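Supplied in structure tokens, the structure appears directly below.
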Amino acid sequence: MNNELIYIILAIGIGVLLIIMAIISILNEKLSIAVIAAGVVSLFASILFLLMSAPDVAMTEAAIGSGLSTLIFFYVLNKIKKYND
Amino acid sequence: MIKNFLIGLVLASFVFMFYNLYITYEPKTELSGIAAHYAEKGGAEVGAANLVTAVVVAYRGFDTLGEVTILFLTASIIGFFLKLSKKDEERVIVHHGTSELLITASQILIPIIFLFGVYVFMNGHLTPGGGFQGGAIIASGVVLSIMANPNREINHHAILWIESISGISFIIIGVLGIAIAGGFLDMRIFGLGKFGDLFSAGAIPVIYSFIGLKVGAEISNILNKYQKSQKES
Amino acid sequence: MENLDLGKVSLIISFALVIIGFWGLLSQKNIIKIIVSFTILETGVNILIVSLGYIKGRTAPIIDASVEQGANHNVLNSIVDPVPQALVLTAIVIGFGVTALLLAYAMKLFRAKRTLEINKFNDLKW
């Protein structure tokens, strides 16, 4: 029973961090901070998938959601920066 | 002011719906229905140790065909949208020079990343992994090489041929399933082999290798188009 | 709170992410922020689907030495549900494709009008 309790406490901790990062991502004015916060949400979701015994899904979410998606956002932000400020 | 009130109304209705769903939720205590059939007979019928791979490739292979089609459509639409004019093609990306650390590290890391990606999709039926994860890892390797040298020209013909041949081979294996074994995309066209070997589980390693190469080539193409779009004025 | 288990905690987390994603989608004015809210919404829905297949006290759906067939442990009694995981695998890759397509449209829109506020694009309004 001790094992399950540790997982539940870890999941609650990760959940609180996840919700705080999601709120920061929406409320902040600068675009680069919003994009990085969305990447961190994806990373913590990957850890949550691992806690729920789903290693395939955790690998896919870490590679595609947290890595490649954030990269594409930064390509677009680079193009906008030259003409905005 | 009225807009904020309406947004609050929509969100409050969502909270009400989710609260009702949460109250009447009972967690499952045992597998039932079709998951029980996959768990009991999956090892013997398909011969793969990874049951998620068995579900994605063997039992629901048609949905994987649909997903590969959607990715192909997305890559071709992005290739059409971000097409550069003739004058922009010849410009050079002006940059302050990439750092020495990135250039040296990329020369060591890129072959290792490709090797790891190929390992992940070839052993998709034994350990966690598979075609989509391996394809994403290969695409990260390609993006690292683009970042080390922003003016590097990726060979378009190589990516085109890899993607087309992988797609056509996937369809040919599916049609062979109709001719030799049970139905479309049945994996019993090769022998089932010994459980836990590399060459076991019928045609699953072959199918997943083709899917891994196709997904890797498509995502590299998308990222290359985004990189080239930095050139336009 | 003794009947709190991992499935219920993940359910609450995913509901919160979906609500935050919808709030961002409805109230933001910058197109890039709208796309970021869309990715948060997507992640929330994926967590929801995987958490519906979780069974307490069981392990990952891979047949190896600890879940052996024909031995003491029965495969039927020691793995979590593999079907929602297969569906979420597809959903994550398709979500990435949709995000890449949305960002290509955003680049083209910016090139046409040099602004990213969604209120300025009123060519199709009647």
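Would a scan of segment B:147-167 turn up a residue that is under 18 Å from the mean Cα position of the chain (by Cα) and within 14 Å of another protein chain (Cβ to nearest Cβ)?
no
Follow-up. Need pairs with beta-carbon distance below 6 Å; first residue of a type in the set (S, T, N, Q) and within segment B:58-81, second in a helix (DSSP H, G or I); sequence gap 6+ or separate chains.
B:T64/B:V56; B:T74/C:G97; B:T74/C:L101
Return yes or no: is C:L89 facing chain B (nearest Cβ under 8 Å), modelled with pLDDT under 90 and under 28 Å from B:A35 (Cα atoms)?
No; evaluated as a whole, the condition is false for this residue.
Looking at B:V94, B:V143, which is the one that is in contact (Cβ under 8 Å) with a residue 24 or more places away in the chain and within 27 Å of C:L103 (Cβ to Cβ)?
None of the other options fit; the residue is B:V143.
In addition: Consider B:I77 carefully, then state whether it is in a helix (DSSP H, G or I), surrounded by 12 or more Cβ atoms within 10 Å (Cβ to Cβ) and more than 30 Å from the chain's Cα centre (by Cα).
So B:I77 fails the test.
Hey, could you check segment A:1-16 for residues that are surrounded by 14 or more Cβ atoms within 10 Å (Cβ to Cβ) and closer than 14 Å to A:V40 by Cα and say which is farthest from the other protein chains (Cβ to nearest Cβ)?
Out of the qualifying residues, it is A:I14.
OK, next. Only one residue in B:L185, B:L198, B:L213 is at pLDDT below 90, crowded, with 16+ Cβ neighbours inside 10 Å and more than 14 Å from chain A (Cβ to nearest Cβ), so which one is that?
Residue meeting the stated conditions: B:L185.
Another one. Out of the residues in segment C:75-86 meeting the condition of being at the interface with chain B (Cβ under 8 Å from one of its Cβ atoms) and in a helix (DSSP H, G or I), tell me which one is surrounded by the fewest Cβ atoms within 10 Å (Cβ to Cβ).
Applying the filter and picking the extreme gives C:N77.
Same structure, new question: Checking B:F132 against (1) closer than 25 Å to C:F96 by Cα; (2) free of Cβ contacts under 8 Å to residues at least 60 places away in the same chain; (3) not aliphatic (A, V, I, L, M): exactly one of these is not met. Which one?
Every condition holds for B:F132 apart from (2).
Only one of these conditions is not met by B:P27: (1) more than 8 Å from chain C (Cβ to nearest Cβ); (2) outside any helix (DSSP H, G or I); (3) surrounded by 12 or more Cβ atoms within 10 Å (Cβ to Cβ). Which number is it?
It fails just one condition, (1).
Something else now. Can you work out which of the residues in segment C:64-74 that are among the hydrophobic types (A, V, I, L, M, F, W, C) and surrounded by fewer than 22 Cβ atoms within 10 Å (Cβ to Cβ) is modelled with the lowest pLDDT?
So the residue we want is C:A71.
Only one of B:G61, B:G66 is more than 8 Å from chain C (Cβ to nearest Cβ) and surrounded by 15 or more Cβ atoms within 10 Å (Cβ to Cβ). Can you tell me which?
B:G61
Residues in segment B:177-233 that are in contact with a Ser or Thr (Cβ under 9 Å, 6 or more places away or on another chain), of a type in the set (A, V, I, L, M, F, W, C) and in a loop (DSSP other than H, G, I, E, B): how many?
Number of matching residues: 3.
Going through segment C:24-54 one residue at a time, which ones are over 17 Å from C:L116 (Cβ atoms), surrounded by fewer than 22 Cβ atoms within 10 Å (Cβ to Cβ) and free of Cβ contacts under 8 Å to residues at least 40 places away in the same chain?
Within segment C:24-54, C:L26, C:L41, C:L48 meet the criteria.
Only one of (1) surrounded by fewer than 16 Cβ atoms within 10 Å (Cβ to Cβ); (2) part of a helix (DSSP H, G or I) is not met by C:G57, so which one is it?
Checking C:G57 against (1) surrounded by fewer than 16 Cβ atoms within 10 Å (Cβ to Cβ); (2) part of a helix (DSSP H, G or I), the one that fails is (2).
Among what's in segment A:17-26 and is more than 9 Å from chain C (Cβ to nearest Cβ) and surrounded by fewer than 18 Cβ atoms within 10 Å (Cβ to Cβ), pick the residue that is farthest from C:Y54 (Cα to Cα).
The residue in question is A:I24.
Take the residues in segment B:122-137 that are in a helix (DSSP H, G or I) and under 10 Å from the mean Cα position of the chain (by Cα), then tell me which one is farthest from A:A63 (Cα to Cα).
Result: B:G131.
The values are calculated or read from the model by the stated rules, or taken from the named source; none is laboratory data. These numbers come from a predicted model, not from an experiment. Cβ atoms come from the backbone with ideal geometry, glycine included; neighbour counts cover every protein chain shown.
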